[in-house]
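Report on the structure given below.
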Amino acid sequence: MTKSMMASLNQYGITDGMVTSLVITILLTILAIVAGRKMQTVPGRFQNVMELSIGKLYDFFEGIMGKTLCRQYFPIVATLFIYILLCNYVGLLPGSGVLPGVKAPTSSLNCTAAMAIFVFFMTTIVGLRAHRGPSYFKHLFKPFAFLFPLMLIEMFVRPLSLSMRLYGNVFGEETVTEQFFEMVPIGLPVIMQLLSVLMGLVQALVFSLLTAIYFTEAGELEEGEELTEHA
Amino acid sequence: MGLVALGAALAIGLAAIGPGIGQGIAASKALEGMARQPEAAGILRTNMILAFAFMESLSIYGLVIAFLLFAKI
């Protein structure tokens with residue numbers, strides 16, 4: 001991708017982060033198709049690796065969400081995790097932020113806010129499905145009815161804090177690395193890069209973990225309510 | 001303009017104090033628990049990271065404000 005091409009794309013409101021995000025999406029799709037196309041009972045080497053990594057992820061989320069919910073909503077949570085992880089790690093590539101079309105998508109508030117709003121609406125859908133109707137909204141009046149304004153605020157602050165956390169961490173870390181690079185070009189930025197390998201993983205984990213917990217909270221039924229398990 | 005720069009520095013600086021102390025306490029307690037009961041290390045680690053995320057978000061709010069002010073300089 002050349003600089004002039006990217007500049008003309010920028011005119012139409014297509015940013016570097018969007019191009020990177022698109023490339024990541026296409027790569028993940030191809031990987032998923034290739035991995036799932038010829039599945040065998042006795043897995044080969046490639047299938048083994050994929051099965052192991054997804055299996056580990058499944059066990060982790062099953063411990064948090066419980067059996068039924070994890071079966072239903074694992075694809076959403078796991079997709080968010082893998083996508084955010086790759087988005088964060090794009091920021092570690094040499095030339096990211098300088099080369100046209102290569103930039104960590106999560107270092108822009110637009111990307112993280114989009115995901116947070118999706119999670120917000122999805123949480124409501126999970127709650128409505130689990131409670132079979134609008135009785136889900138009763139949780140806003142518990143434990144006391146006069147706490148309703150507080151519960152409402154809490155509900156709407158969630159997407160804000162979710163998006164701000166991811167954006168602030170990734171953007172802040174990239175800015176710090178850049179500043180370090182300007183001060184001491186050799187040595188110091190490498191330490192920061194090593195730290196950001198860890199940070200990218202932790203932030204991806206935190207986002208998907210919080211999503212899983214929101215889903216669990218919405219999908220869990222109160223005591224005394226009828227158990228309506230449906231796969 | 002000078003005051004805006006000072007405000008940006010104070011925003012992130014002050015916002016880092018509280019979460020720093022809080023995360024220190026949380027990490028110390030979690031490590032204590034892990035040393036005492038190594039079999040519970042997995043669940044403790046998950047919950048510790050989760051608690052960190054909530055504390056960290058306070059600091060991130062300060063960081064965002066600092067960036068907003070920084071753009072004004």
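At-a-glance table
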| read-out | value |
| --- | --- |
| In region B:46-69, the residues that are more than 9 Å from chain A (Cβ to nearest Cβ) and open to solvent by 50 Å² or more (accessible area, probe 1.4 Å) | B:N47, B:L58, B:I65, B:L68 |
| Matching entry among B:G20, B:G24 (being within 20 Å of A:G168 (Cβ to Cβ), open to solvent by less than 80 Å² (accessible area, probe 1.4 Å) and away from chain A (no Cβ under 14 Å)) | B:G20 |
| Hits in region A:1-32 - residues which are without any contact (Cβ under 8 Å) to a residue 24 or more places away in the chain, assigned to a loop (DSSP other than H, G, I, E, B) and surrounded by 10 or more Cβ atoms within 10 Å (Cβ to Cβ) | A:I14 |
| Lone qualifier among A:L194, A:L210 - being loosely packed, with under 14 Cβ neighbours inside 10 Å and not in a loop (DSSP other than H, G, I, E, B) | A:L194 |
| Residues (in contact (Cβ under 8 Å) with a residue 12 or more places away in the chain and either touching an Asp or Glu at 6+ places or on another chain (Cβ under 7 Å) or more than 14 Å from chain A (Cβ to nearest Cβ) (or both)) located in region B:27-45 | B:A30 |
| Residue satisfying condition, being open to solvent by 60 Å² or more (accessible area, probe 1.4 Å) and within 14 Å of chain B (Cβ to nearest Cβ), within set A:F171, A:F137, A:F148 | A:F171 |
| Positions within region A:101-112 being open to solvent by less than 30 Å² (accessible area, probe 1.4 Å) and either touching a Pro at 6+ places or on another chain (Cβ under 8 Å) or not hydroxyl-bearing (S, T, Y) (or both), in sequence order | A:G101, A:A104, A:P105, A:C111 |
| Cβ pairs under 7 Å, 6+ apart, first in region A:65-81 and of a type outside the set (D, E, K, R), second part of a loop (DSSP other than H, G, I, E, B) and open to solvent by 50 Å² or more (accessible area, probe 1.4 Å) | A:T68/A:E229 |
| Those residues of region A:33-53 which are open to solvent by less than 70 Å² (accessible area, probe 1.4 Å) and either modelled with pLDDT of 90 or more or touching a helix residue (DSSP H, G or I) at 6+ places or on another chain (Cβ under 9 Å) (or both), in sequence order | A:A35, A:G36, A:P43, A:Q47, A:M50, A:S53 |
| Residue list for region A:83-112, filter: in a loop (DSSP other than H, G, I, E, B) and not small (G, A, S) | A:L92, A:L93, A:P94, A:V98, A:L99, A:P100, A:V102, A:K103 |
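The values are calculated or read from the model by the stated rules, or taken from the named source; none is laboratory data. Fair warning: this is a prediction, and the values are worked out from it, not measured in the lab. Positions of Cβ are backbone-derived with ideal geometry, glycine not excepted, and every protein chain shown enters the neighbour counts. Accessible surface is based on the protein model in full, side chains and every heavy atom, while ligands, DNA and RNA are left aside. Shrake-Rupley method; radii C 1.70, N 1.55, O 1.52, S 1.80 Å.
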